[in-house]
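Data first, discussion second: the structure below is written as structure tokens.
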Amino acid sequence: MMRAWMVPVLFLVCGSFAATGWVVRGFSVATVPLLLMFVLLAGVHSPLAFPRSVSAVEARRRSAVDGRPIVYWRAGCKYCLRLRFRLGRSAHQVHWVDIWRDPAGAAVVRAANDGDETVPTVVVAGQPHVNPDPAWVRAQLSPSR
């Protein structure tokens, strides 16, 4: 779980050092936007930017009932962020599994990717798709399916 927060904490620490340096140099007015930028980057790269994760077992169970895709992801992955933000409000219709919090989820991803933990890996109807186009994932959520 600690791994998921390393990048956001690093952004906050770097932002704090940069802001302190700017205050010391007399740029106190410009410090606020700089610090806000680092806080925003930390938030976007944190697990908070994603819907609540479930375990791989629970995601498979829910997907079998409702037919929705399962997205295996990890915090700090730019491709996972791209998928999350491009899905928009539809992101809550997908079952999200954080592979850094769930070893079973990481095992599913490794099995689908020849031993690599390549994310996002989206499983639709039992078939894994590695880093699919967000428009394709959104199409899998359409009610006509």
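The table for this structure:
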{"item": "Any hit, the range 98-105, residues being part of a loop (DSSP other than H, G, I, E, B), aliphatic (A, V, I, L, M) and surrounded by 18 or more Cβ atoms within 10 Å (Cβ to Cβ)", "result": "yes"}
{"item": "One residue from PRO47, PRO51 being under 20 Å from ARG101 (Cβ atoms), in contact with a Ser or Thr (Cβ under 8 Å, 6 or more places away or on another chain) and modelled with pLDDT under 85", "result": "PRO47"}
{"item": "Candidate set: the range 48-80, residues that are of a type in the set (Phe, Trp, Tyr) and under 16 Å from HIS129 (Cα atoms); chosen: the one surrounded by the fewest Cβ atoms within 10 Å (Cβ to Cβ)", "result": "TYR79"}
{"item": "Close pairs (9 angstrom Cβ cut-off, 6 or more residues apart or separate chains): modelled with pLDDT under 90 in the range 133-145, of a type outside the set (Asp, Glu) anywhere", "result": "LEU141/ARG68; LEU141/PRO69; LEU141/LEU87; LEU141/SER90; LEU141/GLN93; LEU141/VAL94; ARG145/GLY67; ARG145/ALA139"}
{"item": "Single residue of the range 6-49 satisfying the filter (assigned to a loop (DSSP other than H, G, I, E, B) and without any contact (Cβ under 8 Å) to a residue 24 or more places away in the chain) that is nearest to ARG84 (Cα to Cα)", "result": "PHE27"}
{"item": "Unmet criterion (only one of (1) over 19 Å from VAL124 (Cα atoms); (2) surrounded by 15 or more Cβ atoms within 10 Å (Cβ to Cβ); (3) touching a residue at least 60 places away in the same chain (Cβ under 8 Å)) for ARG3", "result": "(2)"}
{"item": "Unique match (being outside any loop (DSSP other than H, G, I, E, B) and out of contact with any strand residue (DSSP E or B) (no Cβ under 7 Å at 6 or more places or on another chain)) among TYR79, TYR72", "result": "TYR79"}
{"item": "Check on ARG110, surrounded by 15 or more Cβ atoms within 10 Å (Cβ to Cβ), charged (D, E, K, R) and either more than 25 Å from PHE11 (Cβ to Cβ) or not assigned by TED's automatic domain parsing to the domain that holds LEU41 (or both)", "result": "yes"}
{"item": "Condition check for SER90: at negative phi, outside the structural domain of LEU12 (by TED's automatic domain parsing) and either surrounded by 18 or more Cβ atoms within 10 Å (Cβ to Cβ) or in contact (Cβ under 8 Å) with a residue 60 or more places away in the chain (or both)", "result": "no"}
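The values are calculated or read from the model by the stated rules, or taken from the named source; none is laboratory data. Please read these numbers as outputs of a predicted model, since none were measured by experiment. Methodologically, a virtual Cβ is constructed for each residue, glycine included, from the backbone with ideal geometry; neighbour enumeration extends over all protein chains shown.
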